[in-house]
Amino acid sequence: MLKEERQNYILDKIREKNKVKSNELAIELNVSEDTIRRDLNQLSHNGLILKVHGGALSTHQKLYQYNESTIFNRENKIKLAKKAISLLKDGQVIIMSGGTTNLELSRLIPQNLKLTVYTYSLPIAMQLTEHPSIEVFIIGGKINKKALVTVGVNVIKILSKIKADICFLGTSGIDLNEGITEVGYEVSFVKRVMIASSDNVVSLVTSDKLNTTQRYPICDLNEIHKIITDLDPDDPKLHPYIKRGVEVL
């Protein structure tokens, strides 16, 4: 593993755990503790970590506490997030909807990726403040206290003026005939504008939400460019969607 890759791994580990130990990193990366100490010294010199005896700490004060125990079906959402990361490139403008799948995605974005992210989700915005190379824009409006997202006319106005490379759309329900649907009216309206403002629309959907519908429509299947699920793309459940012309990852 090259030094840059090794140091990015260390940064990702610190971001996830808030602290690391030199001896554990040496075992995980199959290098000497002296090598790890040199890496930590360099990262500390660059202001990216706080070096302490036996390891290092994050320099960020956690304004948002990521709590993995509260995320339902978390392992499958991690699978989705890792697939979604393969679509990211330096310099892209991204719109992210709310939801815990997108929260996992925001947590796992590699440290070296430089992105601009617009979101109306408070937890996702706070999670992204810990990323050193992402410029984060929180779209202000009335707060939906249950979902912790902003909604309303101001959100619509701002989203309509954005031109994004990718929209990562958290999905409450997806069906061959009904398309993508949402539980709440205000959020469904916001998501429609997100779609209109993006060159590529990627639906992130766990397999339990395939072939299900919610009350409020968002868009037809033909408005979605890609579907990312926790299933293998060859899974029979996905064949009907592929036949409809949607790329499945």
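Readers should treat all values here as calculations from the given coordinates under stated rules, not as data from a laboratory. Please read all numbers here as calculations on a predicted model, not as lab measurements. Methodologically, a virtual Cβ is constructed for each residue, glycine included, from the backbone with ideal geometry; neighbour enumeration extends over all protein chains shown.
In segment 163-179, of all residues being surrounded by fewer than 18 Cβ atoms within 10 Å (Cβ to Cβ) and within 20 Å of the chain's Cα centre (by Cα), the one that is nearest to residue 209 (Cα to Cα) corresponds to 165. Set side by side, the residues 193, 205 differ, and just one is within 19 Å of residue 101 (Cβ to Cβ) and either free of Cβ contacts under 8 Å to residues at least 12 places away in the same chain or not hydroxyl-bearing (Ser, Thr, Tyr) (or both), which is 205. Scanning for something free of Cβ contacts under 8 Å to residues at least 40 places away in the same chain and among the aliphatic types (A, V, I, L, M), does segment 165-174 turn up at least one residue? Within segment 165-174 (the criterion being free of Cβ contacts under 8 Å to residues at least 40 places away in the same chain and among the aliphatic types (A, V, I, L, M)), the answer is no, since none of the residues qualifies.
Pairing residues of segment 88-116 that are touching a residue at least 40 places away in the same chain (Cβ under 8 Å) and farther than 22 Å from residue 147 by Cβ with residues that are among the hydroxyl-bearing types (Ser, Thr, Tyr) and crowded, with 19+ Cβ neighbours inside 10 Å, at Cβ distances under 8 Å and at least 6 apart in sequence or on separate chains, gives 93/118.
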